1. With runs of 4+ DSSP H residues as the only contributors, calculate the mean residue ellipticity of the chain at 222 nm using -39,500 (n - 2.57) per run, divided by the residue total and rounded to the nearest 500.
2. On the accessible surface of the chain, probed at 1.4 Å, how many percent belong to carbon and sulfur atoms?
3. With θ set to phi - 60°, apply the Karplus curve 6.51 cos²θ - 1.76 cosθ + 1.60 along segment 103-108 and write out the HN-Hα couplings as whole Hz, x wherever there is a Gly or Pro.
4. Helix 194-205: angle to the longest alpha-carbon principal axis of the chain, degrees 0 to 90, nearest 10?
5. Cα axis of helix 130-154 to longest principal axis of the chain: angle in degrees, 0 to 90, nearest 10?
6. Find the accessible area per residue for the chain; the probe is 1.4 Å, ligands and nucleic acids are left out, and the unit is Å².
7. Please name whichever of Leu27, Gly55, Ile116 sits farthest to the positive end of the charge dipole of the chain, dipole taken about the Cα centre and charges placed at Cβ: Lys and Arg +1, Asp and Glu -1.
8. Taking amide H atoms as placed 1.01 Å from N in the peptide plane, list the residues 5 or more away in sequence, or in a different chain, whose amide H sits under 5 Å from that of Ser30.
Amino acid sequence: MTGELISFVEMETAFLPHRHDHYVCFLVESGTIHLGIDFNDVKVSGPQLLISYPGQMHHHLSASESTVFEGWMLAFDPKFIHESASLSIEDSFLNVILIHLNEEQKKWFTSLFELIGSEVGQSESAITNPIICHLVNGFFSKTASLFQLQEKELILEYSSRSIEIVKIFRRLVREQFIALKKPSDYSEQMNISVSYLNDTIKSITGFSATNFIQQEVFREAQRLLCFTNKSIKEIAFQLGYEDYKYFIRLFSKSVGVSPSNFRKQNQ
C-alpha cells in the first residue's frame, strides 16, 4: 500500500486476525483486497472505502484472492470524532460498512489522507495536535454522509419510523445483549409492543428480533473463541448463560458448528 498512516510492521500485524477498540479504515484506490470482517468475507475493490468500527474483528483472508492494490489505512480512537457521526455508522443495520466512491470522491479522500499523513509525520502526538483531530473528524463526517446517502437508497421503500425502530433496537442490543436475551426486554424500553417490534424488524431485515439478539451474542462468542484462551464454559458464563450445555446447543444451531470445532477451525 502507498502512503500508509501506520508503520510497515503495524500493517503486517493488521492483516493477522484481531479485534480492536478503535476505528480502522481502508481506502482502496485500485486493485482488490480480501478481508474478513466479523466472520464475513469482504472483497474491497478500488475505488472503495471500508470502515471497521470498534469491537469488530478483521484480518486479511487470502493473498491469492487479492491483487496488487494501492491505498491507505487509517486507524484512530473514537474520541477523535463527534458522537452523532459515529452513531450514523454504528447504528446501521449493515454489519459491513463498504462505501463505493466515484473518481471525484476518491481524489477527495486521497488528498485528505495525504494531509493527515503529513501532519502525523510532523507531530509528536496525534492526540494533542488539533489539526489532526479536525482532519480525522472531517474525514469521518464526510464518510458518514456518503454512507447515509447510499444506505437511504437501500431503504427507500420503508418508513422513517420503521428504520428508526430498527436502529434503536440494534443499538440497545449491542449495549445490553449479555444481560437481556428476550425481544420483550427491548420492546419495553422502546415503549412498543413485542409483536410490533418483531414485525418491524422482520419486514426490513428478513430476520426476527430474537435472531438479531442471538447474532450479537454468537458474534461475540466467536471473537472470544478466536482471541482468548477461555474455556467454553467460561465464555458461556461471560455471555450470560449459566447452563453452558444450553449455550453450546444454541451456538451450534446458529453458527452451524460446535464451539470447540469453531475454535479449532479458526486458530
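The values are calculated or read from the model by the stated rules, or taken from the named source; none is laboratory data. Please read these numbers as outputs of a predicted model, since none were measured by experiment. Cβ atoms come from the backbone with ideal geometry, glycine included; neighbour counts cover every protein chain shown. Just the protein is used for accessible areas: all its heavy atoms, side chains included, with ligands, DNA and RNA removed. Shrake-Rupley method; radii C 1.70, N 1.55, O 1.52, S 1.80 Å.
1. Computed ellipticity for the chain at 222 nm equals -17000 deg cm²/dmol.
2. 52 percent
3. After applying 6.51 cos²θ - 1.76 cosθ + 1.60, I find 5, 5, 5, 4, 5, 4 Hz.
4. So the helix axis and the longest Cα principal axis differ by about 40 degrees.
5. Once rounded, the angle reads 50 degrees.
6. 51 Å²
7. Gly55
8. Excluding prolines and chain starts, which carry no amide H, the hits are Gly46, Glu70.
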